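Chemist: Okay, here's the structure, questions in a sec.
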Amino acid sequence: MNAPLPPEVVEVKRRLNGDEVRFVCRPLALVPGRRAVLAFRMSRTYRPPIPGAPVVPEGTWTLAHYWRDRPYNLYHWVDVAGREFGAYFNLCRPPTRIGRRGVIYQDLALDLWAGTGGPHLLDREEIGRDSPASLRREVAQALCALRREWRRRLVQARRQVPALLSRLAVPHG
């Protein structure tokens, strides 16, 4: 029998420079040590740096998908009706730690925008020629895996939207 989900968990994003960013989220699916889907309500508007990409308004739900053994996670932005504003993948260093208290991952700086106008690589300048060769190789391998898998992962995430919104007790279309 599965234990009930806790009311809140924390996402911890560890940046390459050692900084950490924490977000309090609602768990929607949580299999410790394997995978998780967390929800976060955006507290500010986000304007993707992609020509033609829609603005992601304050109040939009981020449905964040994590896998222990994948070199990426997925942020999928939807409104309460389930309409998509965008999606992007963060490259990260496996393993992503997934537990009952939350998710901890090592961000690798590069992101792949997968919404309107995508795919489009973001933050390319953060991994430059002056970055250690081992980091450049790690990022290249993670990006190769993501380029093979991003479409399939996004389709899976889109299929899950109605069920995930229902767990938030949010009406959807």
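A short reminder: the numbers here are calculations on the coordinates, not readings from a lab. Treat the numbers as computed from the prediction; the structure is a model and nothing was measured. Note that we place each Cβ from the backbone using ideal geometry, even for glycine, and neighbour counts take in every protein chain shown.
Chemist: Charges on Cβ only, +1 for Lys and Arg, -1 for Asp and Glu, centred on the Cα centroid of region 9-167; of 160, 105, 74, which one is farthest towards the dipole's positive end?
Modeler: Farthest towards the positive end: 160.
Chemist: OK, next. Just how large is the dipole of region 69-170 about the Cα centre, in debye to the nearest 20, putting +1 at every Lys and Arg Cβ and -1 at every Asp and Glu Cβ?
Modeler: Working: 18 positive and 11 negative charges, 105 e Å.
In debye, rounded to 20, region 69-170 gives about 500.
Chemist: Further, regarding this structure: Can you give the Rg/Rh ratio of region 74-149, where Rg is from the C-alpha atoms and Rh is the Kirkwood radius?
Modeler: Working: Rg = 14.1 Å, Rh = 13.8 Å.
Rounded to two decimals, Rg over Rh is 1.02.
Chemist: Over the alpha-carbon set of the chain, divide Rg by the Kirkwood Rh and report the Rg/Rh ratio to two decimals.
Modeler: Using Cα coordinates only, the ratio equals 0.95.
Chemist: Counting only C-alpha contacts under 8 Å and six or more residues apart, can you give the relative contact order of the chain as a whole percent?
Modeler: Dividing the mean separation by the residue count of the chain yields 19 percent.
Chemist: With charges set only on the Cβ (+1 for Lys and Arg, -1 for Asp and Glu), what does the dipole of region 33-89 come to about its Cα centre, in debye to the nearest 20?
Modeler: In total the dipole reaches around 200 debye.
Chemist: Next up: If we sort 59-70, 93-104 on the protection proxy, mean other Cβ atoms within 10 Å, highest first, what's the order? Don't skip to the end; give the middle numbers.
Modeler: Details: 59-70: 19.6, 93-104: 17.4.
Listed from highest to lowest mean packing, they are 59-70, 93-104.
Chemist: I'd like to compare 14-27, 143-156: which one has the highest average count of other Cβ atoms within 10 Å, and what's the full order after that?
Modeler: Values: 14-27: 12.8, 143-156: 14.6.
Ranking, from highest mean packing down: 143-156, 14-27.
Chemist: Right, another one. Test of understanding: what is the full-extension gain from residue 24 to residue 144, defined as 0.36 nm times their sequence separation minus their Cα-Cα distance?
Modeler: Working it through step by step, the gained length comes to 40.1 nm.
Chemist: Quote the charge dipole size of the chain about the Cα centre in Debye, to the nearest 20; the model charges only the Cβ of Lys and Arg (+1) and of Asp and Glu (-1). Don't skip to the end; give the middle numbers.
Modeler: Details: 29 positive and 16 negative charges, 119 e Å.
The calculation lands at about 580 debye.
Chemist: Next up: What do you get for the angle between helix 133-167 and the principal long axis of the chain? Use alpha-carbon atoms, 0 to 90 degrees, nearest ten.
Modeler: In the chain, helix 133-167 runs at an angle near 10 degrees to the longest axis.
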